[in-house]
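These notes are about the structure you will find just below.
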Amino acid sequence: MSYPTPPLAASAATPTASMPSADPTLPQNDTPAQRAARAAQLAATQTVYTWATDVPTLPGVPLATDVPKNDEPTIAWFVTLIGVGLDIVRNALTVKLGGIDKGELGGELDNPRAEYEAALAECDAIEASAAKIAAEHGVHTGGNIFARMIGDVENAVAAAERDVHVALLKGYKDRLEELMKIDDAEGLGSKTPRSIEAYRALFATLPVPGISWMFQDDAEFARLRVQGPNCMLIAAVGDALPDNFPLSAAQYVSVVGGDTLAAALADGRLFLLDYKPLEVIDPGTYGTRAKYIWQPMALFAVPPGGSSLIPVAIQCGQNPADYPIFTSSPVADKIWGWEMAKFVVQVADGNYHELFAHLARTHLVVEAFAVATHRHLAEIHPIWALLVPHFEGTLFINERAATSLIAAGGPIDHIFAGTIASSQTAAVDARLAFDFYGKMLHADLVARGVGVDSALADYPYRDDALLVWDAIHEWARRYVGLYYGHDADVVADTELAAWAACLAGEAKIRGFGPMTTRAQLAEVCAMVMFTASAQHAAVNFPQKDIMAFAPAVTGAGWQAAPNGQRGHDKAGWLAMMPPMALALEQLNVLELLGSVHYRPLGDYRSNAFPYPEWFQDPRVTAAEGPLAWFRAALTGVEAKIVARNAERMQPYPYLQPSLIPTSINI
């Protein structure tokens with residue numbers, strides 16, 4: 001069977017990933033000969049997994065120097081990604097063909113219609129080839145080939161065939177990424193009047209996100225704080241409003257009738273978003289156009305007897321002398337000023353989400369644990385076996401992010417407000433400031449004053465995340481208990497000590513240190529697994545449903561923030577939004593990132609041919625063992641979240657275990 005040559009040829013070597021032992025051991029329990037074998041294996045692995053802190057796009061962050069073959073994606077992942085990519089590219093090409101019909105596209109292309117139609121034909125060829133590859137890797141009984149999981153996609157391929165097929169699929173992936181790029185010189189949107197309908201029309205062959213009809217509602221604006229892409233910033237106000245947020249009692253009452261500012265403060269019913277950390281970002285440009293970034297403050301309240309947030313007031317910067325407070329108001333002369341202020345918040349939230357909550361606190365943190373685990377825990381070590389599946393694909397996807405996503409001329413540079421250097425600095429600073437123990441779920445909720453006993457009763461991220469955290473933590477506790485009979489066993493584990501020292505030292509994980517008890521070790525493992533799975537799912541997958549529609553959340557403003565609430569109109573609000581070409585680029589990138597679900601939590605497999613079940617120790621895999629318990633617990637969590645979503649005003653599916661990948665692989 002023949003396949004078209006990939007546009008960008010790639011090579012791949014057969015993975016040689018090891019499997020966990022059927023009888024994992026701790027180094028202190030081994031014979032001298034066994035210890036020597038462990039040391040030899042680690043010495044060899046340390047030549048493959050090496051550190052760098054001089055990656056130009058993320059200077060100072062410890063990253064892997066290379067992506068070892070063991071960490072490359074599987075064929076099933078590539079096929080899934082290509083299926084999503086084809087949908088996105090076809091949508092973009094359809095939009096461009098529509099632009100030709102409007103007389104607005106062409107740019108430097110001699111015959112843009114022919115070029116776009118040729119690209120559509122190329123998509124058909126890529127799809128046919130990928131389908132042939134997938135068909136040769138399993139017997140299908142129907143359904144969409146690109147949605148299939150690993151079981152029937154990869155169960156019969158020879159290792160040599162895999163190398164050829166991976167090379168082809170890599171080429172297809174690279175070609176689709178090339179076709180997703182948007183050239184502003186093409187002129188997309190140049191003759192289209194700015195409107196929300198025009199932004200919706202960018203979803204020519206893709207489903208239009210529901211957020212496009214809801215994002216202007218104040219209730220939706222508040223909902224995004226607790227079940228949107230960035231649910232990790234909202235915090236209780238405390239005893240008094242910040243000195244630089246001079247909201248008056250009269251302003252508060254004008255929004256929240258039947259309440260007083262003093263009563264709301266006393267009851268703990270006020271919550272604040274403060275984007276001061278974005279001050280590190282310097283506004284950049286796109287061509288000759290200036291981009292804008294702000295550090296707003298936004299106040300929300302839970303009304304007396306209520307459970308959900310409502311928006312109260314927004315200050316578009318940190319200095320009240322420069323930025324007056326806007327309040328939610330039905331007064332006609334104030335409505336568009338309020339919409340502009342909400343847009344300012346959403347631009348800030350887009351930057352905080354992508355650079356802080358997403359890239360820094362999931363991708364880059366987990367990479368440190370992935371490299372340290374391979375360098376300091378032998379493959380016969382039980383903690384190596386527990387954690388390694390949660391790193392599958394992470395080094396590969398992070399390398400792509402460092403070299404394209406956050407590089408000069410990449411999507412972050414185009415879509416987000418900051419100069420690329422300052423955006424990179426923001427991500428670096430957030431990663432190096434990440435407090436490992438302080439960001440554990442329970443501790444973080446308490447620190448922000450939004451725990452289950454707070455006045456904020458309606459907080460889907462918190463409530464669902466706690467269910468998943470507790471299941472992962474108990475899985476870790478039971479697993480650790482199989483191999484560590486006493487706390488003294490943790491202290492005596494020399495490999496574990498070296499691992500912890502590496503993480504606290506060269507890996508630059510703030511707050512990390514020696515582990516002395518089984519409970520502490522279980523908590524650490526739970527944090528790593530939760531961050532690599534559920535926390536990443538919570539910040540990654542809303543990108544498709546919410547952030548792919550630029551008017552709802554985007555990375556830059558294109559007009560200055562208003563200096564007063566009155567006297568604005570819809571046209572002024574629309575002028576703050578991105579050009580159509582960048583809105584389409586944002587759609588392409590975030591639709592891709594938010595669509596690839598691969599290997600759900602609890603599905604532990606090797607990523608090397610023939611992809612067997614990962615755990616080999618009968619104590620782990622027994623019917624009454626911890627793995628069976630964990631899978632049953634996830635089934636229960638799934639049922640509970642599905643039931644909750646049936647009762648919620650808007651469902652929050654992102655922490656359903658079936659939709660949480662085991663690792664950061666996109």
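Each reported figure results from applying straightforward, stated rules to the coordinates on display, with no laboratory input. Everything numeric in this text was worked out from a predicted model, so none of it was measured. Don't worry about glycine lacking a Cβ; one is built from the backbone with ideal geometry, like all the others, and counts go over all protein chains shown.
Please verify whether the stretch 228-239 includes one or more residues that are in contact (Cβ under 8 Å) with a residue 12 or more places away in the chain, aliphatic (A, V, I, L, M), over 30 Å from ALA581 (Cβ atoms) and part of a helix (DSSP H, G or I).
no
If I filter the stretch 623-646 for residues that are more than 24 Å from PRO229 (Cα to Cα), crowded, with 19+ Cβ neighbours inside 10 Å and of a type in the set (S, T, N, Q), do I get at least one hit?
Applying the first criterion (more than 24 Å from PRO229 (Cα to Cα)) to the stretch 623-646 yields 623-633, 635-636.
Applying the additional criterion that residues be crowded, with 19+ Cβ neighbours inside 10 Å yields 626-627, 630, 633.
Keeping just the survivors that are of a type in the set (S, T, N, Q) gives none.
So far as the stretch 623-646 goes, no, none of its residues is more than 24 Å from PRO229 (Cα to Cα), crowded, with 19+ Cβ neighbours inside 10 Å and of a type in the set (S, T, N, Q).
Of the residues in the stretch 182-227, how many are in a loop (DSSP other than H, G, I, E, B) and among the charged types (D, E, K, R)?
4
Count, please, the residues in the stretch 263-300 that happen to be within 25 Å of VAL253 (Cα to Cα) and in a helix (DSSP H, G or I).
Going through the stretch 263-300 one residue at a time, the tally reaches 5.
Counting just the residues of the stretch 252-262 that are in a helix (DSSP H, G or I) and among the β-branched types (Val, Ile, Thr), which one comes out farthest from PRO296 (Cα to Cα)?
Step one: filter the stretch 252-262 for residues in a helix (DSSP H, G or I), giving 252-255, 261-262.
Of the ones still in play, those that are also among the β-branched types (Val, Ile, Thr) are 253, 255.
Values: VAL253: 21, VAL255: 19 Å.
The residue in question is VAL253.
I'm told GLY337 meets every condition in (1) part of a loop (DSSP other than H, G, I, E, B); (2) of a type outside the set (D, E, K, R); (3) closer than 27 Å to ILE211 by Cα except one. Can you identify the failing condition by its number?
(1)
Considering only the stretch 281-292, state which residues are surrounded by fewer than 17 Cβ atoms within 10 Å (Cβ to Cβ) and among the β-branched types (Val, Ile, Thr).
Those that are surrounded by fewer than 17 Cβ atoms within 10 Å (Cβ to Cβ) and among the β-branched types (Val, Ile, Thr): THR285, THR288.
Got a number for residues in the stretch 167-200 being under 19 Å from PHE396 (Cα atoms) and over 25 Å from the mean Cα position of the chain (by Cα)?
2
Give just the number: which of (1) among the hydroxyl-bearing types (Ser, Thr, Tyr); (2) free of Cβ contacts under 8 Å to residues at least 60 places away in the same chain; (3) closer than 28 Å to VAL596 by Cβ does TYR49 not satisfy?
(2)
For the stretch 555-666, list the helices (runs of 4 or more DSSP H) that sit wholly inside it and hold at least 1 residues that are closer than 30 Å to ASN319 by Cα and more than 22 Å from the chain's Cα centre (by Cα); which are they?
Details: elements: 570-575, 580-593, 618-621, 626-647.
So the answer is 570-575.
Report whether or not ILE664 is of a type in the set (A, V, I, L, M), crowded, with 22+ Cβ neighbours inside 10 Å and either closer than 21 Å to PRO20 by Cα or in contact with a Lys or Arg (Cβ under 8 Å, 6 or more places away or on another chain) (or both). If you could, list the steps in order and put the result at the bottom.
Numbers: of a type in the set (A, V, I, L, M): yes; crowded, with 22+ Cβ neighbours inside 10 Å: yes; either closer than 21 Å to PRO20 by Cα or in contact with a Lys or Arg (Cβ under 8 Å, 6 or more places away or on another chain) (or both): yes.
Criteria met by ILE664.
Looking at (1) surrounded by fewer than 18 Cβ atoms within 10 Å (Cβ to Cβ); (2) touching a residue at least 40 places away in the same chain (Cβ under 8 Å), find the lone condition where ALA443 falls short.
Of the numbered conditions (1) surrounded by fewer than 18 Cβ atoms within 10 Å (Cβ to Cβ); (2) touching a residue at least 40 places away in the same chain (Cβ under 8 Å), the odd one out for ALA443 is (2).
Give the stretch 410-461 a look and list any residue that's small (Gly, Ala, Ser), touching a helix residue (DSSP H, G or I) at 6+ places or on another chain (Cβ under 8 Å) and not in a helix (DSSP H, G or I), or say none.
Residues of the stretch 410-461 small (Gly, Ala, Ser): 410, 417-418, 421-423, 426-427, 430, 433, 438, 443, 447, 449, 451, 454-455, 457.
From the residues that got through so far, the ones that are touching a helix residue (DSSP H, G or I) at 6+ places or on another chain (Cβ under 8 Å) too are 410, 417-418, 422-423, 426-427, 430, 438, 451, 455.
GLY410, ALA417, GLY418, GLY438, GLY451, ALA455, listed by residue number.
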